[in-house]
Amino acid sequence: MKILMIEDDLAIGKALLSVFQDEGHVAVWVRMAGQASERVLDEDFDAVLLDLGLPDGDGIALLAAMRARGVTAPVLIITARDSLEARLAGFNTGADDYLIKPFEIPELLVRLRAIVRRAGGSADAAEALWTFGELVLDEGRMLVARAGVPVALSKTEFALLLTLMKQSDRVLTRAELERRVLPHSEGQTLDVHISNLRKKIGDGVIRTVRGVGYMVQRAHGD
């Protein structure tokens with residue numbers, strides 16, 4: 001995996017660089033937003049770690065510029081900003097995950113692998129079965145069944161359900177879902193797709209988090 005680290009803190013940068021090298025990854029470390037802007041356009045990265053407080057600019061502005069210029073690499077924000085407003089700003093701007101400092105290295109590695117897997121997929125992921133009670137989604141064959149009965153979904157509905165089930169127990173903001181599933185919407189809003197999806201798979205699977213977005217919340221033991 002090739003990772004772009006945008007982090008101005010020397011101690012954190014050196015520690016992460018050492019960890020990534022030990023894990024067998026290729027890591028490029030820059031400390032300035034200006035440096036990151038050049039590297040992210042000139043090279044292909046599997047993931048980006050982004051600090052928000054940079055000496056020459058704000059990480060949110062940098063992320064917005066990256067997305068505007070067509071950079072699709074998954075981004076994990078690492079920051080001390082722990083307010084809900086800061087997290088929502090990160091996700092609404094195009095971040096794939098958000099981790100509060102100080103963090104544990106094992107958690108960072110798990111989250112990093114998760115966003116890369118979600119963004120690019122893998123042989124194992126492509127054949128995965130995702131379940132929620134009686135609902136089963138076969139990602140490889142693009143099939144959904146409830147209690148053994150096939151459920152006919154449109155491509156958009158399937159992609160929406162898959163995105164939510166892959167990240168169960170995490171709230172996905174409306175902007176994030178629209179960016180991932182409805183980048184070229186033909187008029188139907190996210191709410192319409194959610195409503196149609198609920199009619200087909202039944203109530204109790206997709207939960208609305210008012211003012212934020214949607215999630216699939218698993219009961220304990222699922």
### Query
Quick one: is L17 part of a helix (DSSP H, G or I) and either without any contact (Cβ under 8 Å) to a residue 24 or more places away in the chain or of a type in the set (F, W, Y) (or both)?
yes
### Query
Just checking, which of D8, D22, D51 is touching a Pro at 6+ places or on another chain (Cβ under 6 Å) and of a type outside the set (V, I, T)?
D8
#### Entry: Residue match in the range 27-49 (condition: over 25 Å from R170 (Cα atoms), touching an Asp or Glu at 6+ places or on another chain (Cβ under 6 Å) and of a type in the set (G, A, S))
yes
### Task
Can you tell me which residue among D56, D124 is exposed (fewer than 14 other Cβ atoms within 10 Å of the Cβ) and at pLDDT below 90?
D124
### Query
If you go through the range 69-83 one residue at a time, do you hit one that is without any contact (Cβ under 8 Å) to a residue 40 or more places away in the chain, buried (at least 17 other Cβ atoms within 10 Å of the Cβ), outside the structural domain of A159 (by TED's automatic domain parsing) and farther than 12 Å from I6 by Cα?
yes
### Task
Please specify each residue of the range 42-57 satisfying the condition of being out of contact with any strand residue (DSSP E or B) (no Cβ under 8 Å at 6 or more places or on another chain) and either among the aliphatic types (A, V, I, L, M) or without any contact (Cβ under 8 Å) to a residue 24 or more places away in the chain (or both).
D42
### Query
Would you pick out the residues in the range 145-166 that are surrounded by 19 or more Cβ atoms within 10 Å (Cβ to Cβ) and under 21 Å from N92 (Cβ atoms)?
L160, L164
### Query
Among the residues of the range 190-210, which ones are within 16 Å of F158 (Cβ to Cβ) and either in a helix (DSSP H, G or I) or not assigned by TED's automatic domain parsing to the domain that holds L160 (or both)?
L190, V192, H193, I194, S195, N196, L197, R198, K199, K200, I201
### Task
Could you check the range 40-139 for strands (runs of 3 or more DSSP E) lying wholly inside it with 1 or more residues that are under 22 Å from K166 (Cβ atoms) and aromatic (F, W, Y)?
97-100, 129-132
### Task
Collect the residues in the range 84-100 that are surrounded by 13 or more Cβ atoms within 10 Å (Cβ to Cβ) and of a type outside the set (A, V, I, L, M), keeping them in residue-number order.
R87, G90, F91, N92, T93, G94, D96, D97, Y98
### Task
Identify, by number, the condition in (1) touching a residue at least 60 places away in the same chain (Cβ under 8 Å); (2) of a type in the set (D, E); (3) more than 24 Å from A65 (Cα to Cα) that E7 doesn't meet.
(3)
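The values are calculated or read from the model by the stated rules, or taken from the named source; none is laboratory data. Bear in mind the structure is a predicted one, so any value in this text is a computation, not a measurement. Neighbour counts run over all protein chains shown; Cβ positions are idealised from the backbone, glycine included.
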